[in-house]
1. In the range 110-140, what residues are touching a residue at least 24 places away in the same chain (Cβ under 8 Å), open to solvent by 20 Å² or more (accessible area, probe 1.4 Å) and within 18 Å of ASP193 (Cβ to Cβ)?
2. Every residue in the range 69-95 that is more than 20 Å from SER129 (Cβ to Cβ) and open to solvent by less than 20 Å² (accessible area, probe 1.4 Å), please.
3. Quick check on this structure: which one of THR309, THR251, THR314 is part of a loop (DSSP other than H, G, I, E, B), under 20 Å from the mean Cα position of the chain (by Cα) and either among the polar types (S, T, N, Q) or surrounded by 17 or more Cβ atoms within 10 Å (Cβ to Cβ) (or both)?
4. Mind checking whether some residue in the range 179-194 is under 20 Å from MET279 (Cβ atoms), open to solvent by less than 20 Å² (accessible area, probe 1.4 Å) and touching a Phe, Trp or Tyr at 6+ places or on another chain (Cβ under 8 Å)?
5. So the check is Cβ under 6 Å with 6+ separation or different chains; which pairs have a first residue in the range 220-231 that's surrounded by 12 or more Cβ atoms within 10 Å (Cβ to Cβ) and a second one that's of a type in the set (Phe, Trp, Tyr)?
6. Kindly indicate whether ASP107 is of a type in the set (Asp, Glu), open to solvent by less than 20 Å² (accessible area, probe 1.4 Å) and in contact (Cβ under 8 Å) with a residue 12 or more places away in the chain.
7. Go through the residues of the range 181-194 one by one and say whether even a single one is outside any helix (DSSP H, G or I), free of Cβ contacts under 8 Å to residues at least 24 places away in the same chain and under 24 Å from ALA151 (Cα atoms).
8. Looking at the range 45-160, what strands (runs of 3 or more DSSP E) fall wholly within it and have at least 1 residues that are modelled with pLDDT of 95 or more and more than 26 Å from GLU179 (Cα to Cα)?
Amino acid sequence: GTFLSDLGDYFADQFPARDMWMSLNLGVNKLLGQKEASGVYLCEDDYLIQVPSAPNQTQLDRNLAAVNAFAQNHPELKTVMAVVPNAVTIHADKLPENAPARDQGADLVYIRGKLTDTDFVDVTKTLQSHSEEYLFYKTDHHWTSLGAAYAFKDIAAAMGIQAPELTEYTVYPVSTTFEGTLSSKSGSHSARDTVDIYVPDSNIDYYVTYADSGEDISSLYRREALGGKDHYTVFFGGNYSRVDITTTANTGRCLLLFKDSYANCMVQFLYPYFDHITMIDPRYYYDNVELVIKSEAITDVLFLYNLDTYLGDTSLADVLVSE
């Protein structure tokens with residue numbers, strides 16, 4: 001089923017003059033007052049904001065129960081969860097008038113209320129206090145490195161990390177021409193995004209190992225991604241079942257990070273504080289996490305997802321209860 005779905009997506013994406021026809025159709029519909037296209041709100045300041053999903057309630061409760069059981073089975077580990085609200089919440093002032101947006105705040109309250117042995121970090125207030133800044137891409141569903149940087153302060157506090165000020169990072173814009181998934185989905189091409197990377201003022205060295213291929217590289221970033229369509233994949237090249245970062249931090253702390261793609265740009269802030277980080281994306285991971293905890297001497301666990309993904313996730317519980 002996945003193959004046929006992907007094949008259909010491929011032919012839809014490769015349809016001759018696809019972008020031209022979509023843009024033409026969008027232009028006509030906007031003249032008719034349309035404020036949404038293919039599940040994307042057409043917002044102020046050329047923002048494209050994804051219509052939020054309703055939860056898969058059965059699977060959400062199963063995932064939360066699995067997180068609780070995992071934390072109870074590992075009281076020796078410091079376990080933290082952060083579920084990040086999407087642009088629909090943080091940039092709500094840019095939405096079309098009377099847009100029927102889901103109340104993500106209520107979803108976060110529900111998640112927090114179900115957790116028993118895990119510290120929950122709600123970064124909503126922090127992000128909302130900077131909502132006039134460039135926290136989410138205009139053409140893509142991901143947050144920017146700046147959004148992740150502000151959220152990192154909240155997450156760091158929960159993990160017992162003293163986060164530096166933003167002025168202590170050197171910021172490099174690696175792309176100014178990014179058009180993300182929401183642009184392709186809606187047919188709107190009225191904006192371009194800038195992708196920044198943040199380099200800490202630190203002498204910590206590291207290398208990155210991709211478990212799928214066995215490849216070792218000395219960077220969190222994949223420059224070749226900037227030559228493709230999805231410039232957000234400059235962070236690690238995209239999503240993989242497992243990626244390991246080994247550092248010279250010498251803190252005695254090793255992190256197990258369960259994540260979706262929002263975490264990819266967060267790791268640039270996390271790595272100076274851990275001797276080793278094991279990133280696991282449950283959507284692609286089929287091995288035993290208990291072996292990882294033992295072999296990598298894990299001391300800390302972070303669950304980091306965006307809310308839209310977490311509400312529909314069907315993989316996390318299966319990974320956490322692996323035998």
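The values are calculated or read from the model by the stated rules, or taken from the named source; none is laboratory data. On a predicted model such as this, the values are computed, not experimentally measured, just so you know. No Cβ is skipped: glycine too gets one built from the backbone with ideal geometry, and neighbour counts run over all protein chains shown. These accessible areas exclude ligands, DNA and RNA; they are computed on the full protein's heavy atoms, side chains included. Shrake-Rupley method; radii C 1.70, N 1.55, O 1.52, S 1.80 Å.
1. Those that are touching a residue at least 24 places away in the same chain (Cβ under 8 Å), open to solvent by 20 Å² or more (accessible area, probe 1.4 Å) and within 18 Å of ASP193 (Cβ to Cβ): SER131, TYR134, LYS138.
2. Across the range 69-95, the qualifying residues are PHE70, ALA71, HIS74, LEU77, THR79, VAL80, MET81.
3. THR314
4. no
5. Sorted first by the residue in the range 220-231, then by its partner, the pairs are HIS231/PHE178.
6. Values: of a type in the set (Asp, Glu): yes; open to solvent by less than 20 Å² (accessible area, probe 1.4 Å): yes; in contact (Cβ under 8 Å) with a residue 12 or more places away in the chain: yes.
For ASP107, the condition - of a type in the set (Asp, Glu), open to solvent by less than 20 Å² (accessible area, probe 1.4 Å) and in contact (Cβ under 8 Å) with a residue 12 or more places away in the chain - is met.
7. Just the residues of the range 181-194 that are outside any helix (DSSP H, G or I), to begin with: 187-194.
Checking the rest, the ones that are also free of Cβ contacts under 8 Å to residues at least 24 places away in the same chain come to none.
The answer is no; no qualifying residue exists.
8. Filter on the range 45-160 gives 78-84, 119-121.
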